[in-house]
Amino acid sequence: MNRISALKSSVGLLAVACLSSCAMYPASEDISACTDSSPKKNVKIEYGDSHLSVDVKEQKIKRDEYLAFDLKPNSSKGPNNLDYKTVMVTIKGKDEASDWISASGSADGSDGPLLVCVPTGQAPGTYYYLIEVEKVGTLDPRVAVQPS
């Protein structure tokens, strides 16, 4: 093989290796270092017949901490014998910057609060999300990520 062919092959292999290694590792802001012992900032979500509330409108939190969404359905039955423990609660970011805020579940299907970890590289700032409770309504609180 002549030198030019060898050089082209080497450059091509190097490019493939670089691109494949980039695909293997997520961007630093997507990496989460939350563990079982990470601090948790609780957000209590109460809901029932014509009622939906959150105990904090803006939770202040640091990177690598959990937002812990405690689901507290009304114990009484709703219209058409609706059991609020079984309705789906969906939490999602309102915009692209807030996409890391994402969880869903029901009070009878979870083993505790719905947990969302603030990513390690998350920029300080205020992030907005929606809480949608099936057959009840929607709220739009926010979370303020503070420097570590």
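Observations on the model:
The rows are residues; the columns are (1) assigned to a strand (DSSP E or B); (2) touching a Ser or Thr at 6+ places or on another chain (Cβ under 8 Å); (3) among the small types (Gly, Ala, Ser); (4) modelled with pLDDT under 95.
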residue	(1), (2), (3), (4)
Leu7	no, no, no, yes
Ser38	no, no, yes, yes
Ala68	yes, no, yes, no
Ser76	no, no, yes, yes
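- Considering only residues in the range 9-36 that are closer than 20 Å to Ser148 by Cβ and aliphatic (A, V, I, L, M), the one that is modelled with the lowest pLDDT turns out to be Ala27.
- Residues located in the range 37-61, provided they are acidic (Asp, Glu) and on the phi > 0 side of the Ramachandran plot: none
- Filtered by the rule that a residue be surrounded by 16 or more Cβ atoms within 10 Å (Cβ to Cβ) and outside any strand (DSSP E or B), the range 88-126 gives Ser98, Trp100, Ile101, Ser106, Ala107, Ser110, Pro113, Val118, Pro119, Gln122.
- For the range 40-53, taking the residues that are over 17 Å from the mean Cα position of the chain (by Cα) and part of a strand (DSSP E or B), the one that is surrounded by the most Cβ atoms within 10 Å (Cβ to Cβ) is identified as Tyr47.
- Subset of the range 127-148 (residues that are surrounded by 12 or more Cβ atoms within 10 Å (Cβ to Cβ), in contact with a Leu (Cβ under 8 Å, 6 or more places away or on another chain) and in a strand (DSSP E or B)): Leu130, Ile131, Val133, Gly137, Leu139, Val143
The values are calculated or read from the model by the stated rules, or taken from the named source; none is laboratory data. Note that the structure is predicted; figures quoted are calculated from it, not measured. Positions of Cβ are backbone-derived with ideal geometry, glycine not excepted, and every protein chain shown enters the neighbour counts.
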